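The values are calculated or read from the model by the stated rules, or taken from the named source; none is laboratory data. Predicted, not measured: the structure shown is a model, and the values here were computed from it. Cβ atoms come from the backbone with ideal geometry, glycine included; neighbour counts cover every protein chain shown.
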Amino acid sequence: MNDYLDQLNDVQRQAVTNVDGPVMVIAGPGSGKTRVLTFRIAHLINSGVEPRQVLSLTFTNKAAREMKDRISRVVGKGGNYVWAGTFHSLFSRILRIEAEKIGYPATFSIYDTDDSKALIKDIISRMGLDKSKYPPGLVLNRISNAKSNLITWKAYGGNAELVSRDQSEGRPDMYKIYQKYVIRCQKSGAMDFDDLLLNTFRLFYENKDNVVAKYRERFKYVLVDEFQDTNFLQYAIVKQLTRYKGSSQNICIVGDDAQSIYAFRGATISNILDFKKDYPSLKVFKLEQNYRSTPHIVAAANSVISNNRSQIKKEIWTEYSSGNKIALVKALSDAEEARRVAGLIVEQKNRHHYANKDIAILYRTNAQSRAFEEQLRRHDIPYRIYGGMSFYQRKEVKDLMAYLRLSINPADDEAIRRIINYPRRGIGKTTLDKIMTIATSEELSAWEAMDREIFNSRTTNLLKKFKGLIASFVEKAQTMNAYDLALHIYKKSGMDADLSKDNSIEGLSRRENITSLLDGIKEFIDSDELLTNDPDMDERSISEYLQSVALITDFDSEDGDDDHVLLMSAHASKGLEFKSVFVVGLEENLFPSFMAKDSPSSMDEERRLFYVAITRAMEHLTLSYSNSRYQYGSMRFNDPSRFLDEIEPDHFQNPELVVKEPVTGSDRSKVSGVFPKRKPASKPGTTRPAPADFKVSDPARVAAGMRVRHLRFGEGEVLAVEGGAENRIATIQFEEVDNPKKKIMLKYARLQILD
DNA sequence: GGCCAGTTTCTTTTT
DNA sequence: GAAACTGGCC
């Protein structure tokens, strides 16, 4: 029965078998963290704990599913009854069971970020505030932060620190927006992502009908994965469940402070650092042996992360004695970077017999995927973009979903906003404006506000018709399943008619998207996967479906036998591993992001993100950067990333490429320790204003010997031109001290020929 | 009220 | 470069 224990090393085994009382597992990358978690759960079950008494909070749905699978493999079908999922998905399930206790309908809507932003925008404009002073994204961020720290709008308004910050920024009305936002969400029977947590906290805190006791009793063992990514609120809920008088404190948290990459979302490392204070009888286990990566990769990761200021002390080590050095790719343009990466992928596949799915390309921003997609297609390499959630972002998909949302919760204002006039039914901006004004000022839902007799007779009629339509869907929702209802709505709402009119390629693809959405719903209602295992709940209900879709984060439809090269953001790569990993775009202002350059703590987070990215690699790690990049509509020039300097040259196959070209005259190398100030004119990412007489000449005419002028580098002489047609590269001797000799790709460079 | 075209703005990561 | 916004016109 205990043979699974033989598959563990000493520390791992202790982390698995010490099941009583608080346990913290600090797990470096590749140290068998998932294995420890799953075996721990399996061990609990084997020791007589009922699966349904185990609550396992993971970061992604995918991790949860994987965990369930693995548990089932060890303990059999019972593993399915473990409550494993993300904070958001499990708590939203609890909230649906208990919704009435906190004044919400069980069919509450979940607002995604777009919904929240639209609502905030609406509130701001209705309050007559200057929207340049209150960018919706920033406002949402502030509200989200407040909620994550359990600060109500009232507390916000009374918090001297927050108020004075807002005041000094010229945003004195922030807490009023917060207040209106909260009220309108409430009236709409809607929760945003943070509310799913906040309301769970409230539910437990208010403890009506002993509800918290019920869940404490039920979840005897709580496990939290990726604990370094939890925020104050999430930790507060975990404490509600495990830290109370008489609790046996059976909590196990697993995490790695070095992999904390969600501070921007309110995650706080102090949770992990303070854990010992909250649970004094804590046992700590450190998993430091890396089973994933070869030595150069492990050493590079250690040396990069050692540049961060505070951290829990640990050193990752590996038993592997040999492995490949890190390859470095230096390109002149983003297109060339992608082309060379694609070329290397072809080569690696041949030489090492890698399947496509053994390889991943990781980047800092999703926008970088384009160049790689293009080149992979050109090289006939199947690929897949992971994350991005593009399918559920499509207009037609969101539209149909909005109707579904309304059919179980007609108060959902943001769903109304979406489809009140789609397809066209003559209810335009003016009318919607009126409705929302009433909704805001009288604290009603839009649905209720429509009943006010303030519209002209034509509009009143149109609104009546619209309400009748939605009411008919509400009625159908009582009896139909999610699939039949979606199909019914598609036909009767007029969406079908509208989309069928359009016979362009785009129109066709929209209809295809609807078809796949419907297929997805069908799959959902036919699936027999256990979700809640709660006898009171209809596991295949419309609201269950909507909830599951609202909280989809990773590509859940990942088919195991698909063989694709994976493209994803470094963030999305956390928890995954690949034989060969390409981390691309390693340039200052990109990775690390320009957003981080003024704040040491954000820079540390960028470094942790880089650490996460490179530790995904098992056998091959390739890092690439480009001298120039087409970004936000214009050409940018950036220095190679500082992170490249933080890796000992020994670990590179071709360390000479790390040496910076004197592009900006700066040298940040660790050896010299010199950090010269940049001259404003040569700041990366900026262009000098064009002299009035500057004219771009036809690049094809550029030849050796000519005098040319470059917007950023000044005047110089062309020494040589090499390369053919598409990729001609000129070597130019510029006169400015900061920019001596440079190689420039002619198809991108904007040069003026002077003579 | 609806539509198109021109203009402006803002560029990260995601539950 | 894309999305969001604006203004002008039917």
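Do we find a residue being crowded, with 17+ Cβ neighbours inside 10 Å, without any contact (Cβ under 8 Å) to a residue 40 or more places away in the chain and away from DNA strand B (no atom under 16 Å from the Cβ) anywhere in segment A:219-230?
In the first step, residues of segment A:219-230 are kept if they are crowded, with 17+ Cβ neighbours inside 10 Å; the result is A:219-230.
Then keep just the ones that are without any contact (Cβ under 8 Å) to a residue 40 or more places away in the chain; that gives none.
There is no residue in segment A:219-230 that is crowded, with 17+ Cβ neighbours inside 10 Å, without any contact (Cβ under 8 Å) to a residue 40 or more places away in the chain and away from DNA strand B (no atom under 16 Å from the Cβ).
Restricting attention to segment A:132-161, and to residues there that are closer than 12 Å to A:MET174 by Cα and of a type in the set (D, E, K, R), which single residue is modelled with the lowest pLDDT? Top of the filtered list is A:LYS133. Tell me, yes or no, whether segment A:305-323 has at least one residue that is at pLDDT below 95, out of contact with any Pro (no Cβ under 7 Å at 6 or more places or on another chain) and under 16 Å from A:VAL581 (Cβ atoms). No: zero hits. In segment A:184-236, the residue that is nearest to the chain's Cα centre (by Cα) out of those that are part of a helix (DSSP H, G or I), closer than 19 Å to A:ARG96 by Cα and aromatic (Phe, Trp, Tyr) is A:PHE193. Sort out which residues of segment A:611-628 are part of a strand (DSSP E or B), more than 16 Å from DNA strand C (Cβ to nearest atom) and over 18 Å from A:GLN348 (Cα atoms), and write them in order of number. Listed by number, the list holds a single entry, A:TYR625. I'd like to know if segment A:58-65 contains one or more residues that are crowded, with 18+ Cβ neighbours inside 10 Å, away from DNA strand B (no atom under 16 Å from the Cβ) and among the hydrophobic types (A, V, I, L, M, F, W, C). The answer is no, given that none of the residues of segment A:58-65 is crowded, with 18+ Cβ neighbours inside 10 Å, away from DNA strand B (no atom under 16 Å from the Cβ) and among the hydrophobic types (A, V, I, L, M, F, W, C).
If the condition is being without any contact (Cβ under 8 Å) to a residue 40 or more places away in the chain, surrounded by 12 or more Cβ atoms within 10 Å (Cβ to Cβ) and of a type in the set (Asp, Glu), then segment A:488-509 contributes A:ASP496, A:ASP502. For segment A:556-573, the condition holds for at least one residue, the condition being that it is crowded, with 23+ Cβ neighbours inside 10 Å and not aliphatic (A, V, I, L, M).
A quick yes/no check of all residues on (1) within 25 Å of A:TYR403 (Cβ to Cβ); (2) buried (at least 20 other Cβ atoms within 10 Å of the Cβ):
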position: A:ILE97; (1), (2): no, no
position: A:SER109; (1), (2): yes, yes
position: A:THR152; (1), (2): no, no
position: A:TYR156; (1), (2): no, yes
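The set of residues from segment A:120-132 being surrounded by 15 or more Cβ atoms within 10 Å (Cβ to Cβ) and within 14 Å of DNA strand B (Cβ to nearest atom) comprises A:ILE120, A:LYS121, A:ILE124. Among the residues of segment A:72-84, is any hydroxyl-bearing (Ser, Thr, Tyr), in contact with a helix residue (DSSP H, G or I) (Cβ under 6 Å, 6 or more places away or on another chain), away from DNA strand B (no atom under 15 Å from the Cβ) and in contact (Cβ under 8 Å) with a residue 40 or more places away in the chain? Yes, segment A:72-84 contains a residue that is hydroxyl-bearing (Ser, Thr, Tyr), in contact with a helix residue (DSSP H, G or I) (Cβ under 6 Å, 6 or more places away or on another chain), away from DNA strand B (no atom under 15 Å from the Cβ) and in contact (Cβ under 8 Å) with a residue 40 or more places away in the chain. Number of residues in segment A:268-300 that are closer than 25 Å to A:GLY21 by Cβ and not acidic (Asp, Glu) equals 19.
Of everything listed in (1) more than 28 Å from A:TYR386 (Cβ to Cβ); (2) part of a helix (DSSP H, G or I); (3) among the charged types (D, E, K, R), the single unmet condition for A:ASP130 is (2). In segment A:415-427, the residues that are near DNA strand B (Cβ under 9 Å from one of its atoms) reach residues that are in a helix (DSSP H, G or I) with C-beta atoms within less than 7 angstrom, at least six apart or across chains, in these pairs: A:ARG425/A:LEU462; A:ARG425/A:PHE466; A:GLY426/A:LEU462; A:ILE427/A:LEU462; A:ILE427/A:LEU463; A:ILE427/A:PHE466. Among the residues of segment A:561-617, the ones that are under 22 Å from A:PHE372 (Cβ atoms) and without any contact (Cβ under 8 Å) to a residue 40 or more places away in the chain come to 1 in all.
For (1) part of a helix (DSSP H, G or I); (2) in contact with a helix residue (DSSP H, G or I) (Cβ under 9 Å, 6 or more places away or on another chain); (3) not charged (D, E, K, R), each residue gets a yes or a no:
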residue	(1), (2), (3)
A:ARG425	no, yes, no
A:LEU432	yes, yes, yes
A:MET436	yes, yes, yes
A:ALA439	yes, yes, yes
A:ASP451	no, yes, no
A:ASN461	yes, no, yes
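Quickly run through segment A:242-268 and pick out the residues that are over 30 Å from A:ALA300 (Cα atoms) and either surrounded by fewer than 20 Cβ atoms within 10 Å (Cβ to Cβ) or small (Gly, Ala, Ser) (or both). Once the filter is applied, which keeps residues that are over 30 Å from A:ALA300 (Cα atoms) and either surrounded by fewer than 20 Cβ atoms within 10 Å (Cβ to Cβ) or small (Gly, Ala, Ser) (or both), segment A:242-268 yields A:ARG243, A:TYR244, A:LYS245, A:GLY246, A:SER247, A:SER248, A:GLN249. Of the residues making up segment A:169-183, one or more are under 22 Å from A:SER109 (Cα atoms), surrounded by 20 or more Cβ atoms within 10 Å (Cβ to Cβ), among the charged types (D, E, K, R) and more than 24 Å from the chain's Cα centre (by Cα).
If only one of A:LEU469, A:LEU485, A:LEU518, A:LEU462 is touching a residue at least 24 places away in the same chain (Cβ under 8 Å), of a type in the set (A, V, I, L, M) and within 14 Å of DNA strand B (Cβ to nearest atom), which one is it? It would help to see each step written out before you state the result.
Working: A:LEU469 fails: within 14 Å of DNA strand B (Cβ to nearest atom); A:LEU485 fails: within 14 Å of DNA strand B (Cβ to nearest atom); A:LEU518 fails: within 14 Å of DNA strand B (Cβ to nearest atom).
None of the other options fit; the residue is A:LEU462.
Say we look at segment A:450-464 and pick out the residues that are of a type outside the set (Ser, Thr, Tyr) and modelled with pLDDT of 85 or more; which of these is nearest to the chain's Cα centre (by Cα)? Across segment A:450-464, the extreme among qualifying residues is A:MET450.
Quick grid of which residues meet (1) over 25 Å from the mean Cα position of the chain (by Cα); (2) surrounded by fewer than 18 Cβ atoms within 10 Å (Cβ to Cβ):
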{"position": "A:GLN7", "(1), (2)": "yes, yes"}
{"position": "A:ARG13", "(1), (2)": "yes, no"}
{"position": "A:GLY28", "(1), (2)": "no, no"}
{"position": "A:THR38", "(1), (2)": "no, no"}
{"position": "A:ILE41", "(1), (2)": "yes, no"}
{"position": "A:LEU44", "(1), (2)": "yes, no"}
{"position": "A:LEU55", "(1), (2)": "no, no"}
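Listed by first and then second residue, the pairs with beta-carbon distance under 8 Å, at least 6 apart or on different chains, first residue in segment A:629-641 and modelled with pLDDT of 80 or more and part of a loop (DSSP other than H, G, I, E, B), second of a type in the set (A, V, I, L, M) and within 16 Å of DNA strand C (Cβ to nearest atom), are A:ASN638/A:LEU590; A:SER641/A:LEU590.
Restricting segment A:368-387 to residues that are in contact (Cβ under 8 Å) with a residue 40 or more places away in the chain and within 16 Å of DNA strand B (Cβ to nearest atom) leaves a set whose member that is farthest from A:GLU588 (Cα to Cα) is A:ARG384. Looking only at residues in segment A:619-641 that are within 16 Å of DNA strand B (Cβ to nearest atom) and not polar (S, T, N, Q), which one is surrounded by the fewest Cβ atoms within 10 Å (Cβ to Cβ)? Once the filter is applied, the top-ranked residue is A:GLY633. Considering the conditions (1) farther than 25 Å from A:LEU508 by Cα; (2) within 16 Å of DNA strand B (Cβ to nearest atom), A:ASN350 is excluded by exactly one of them, (2).
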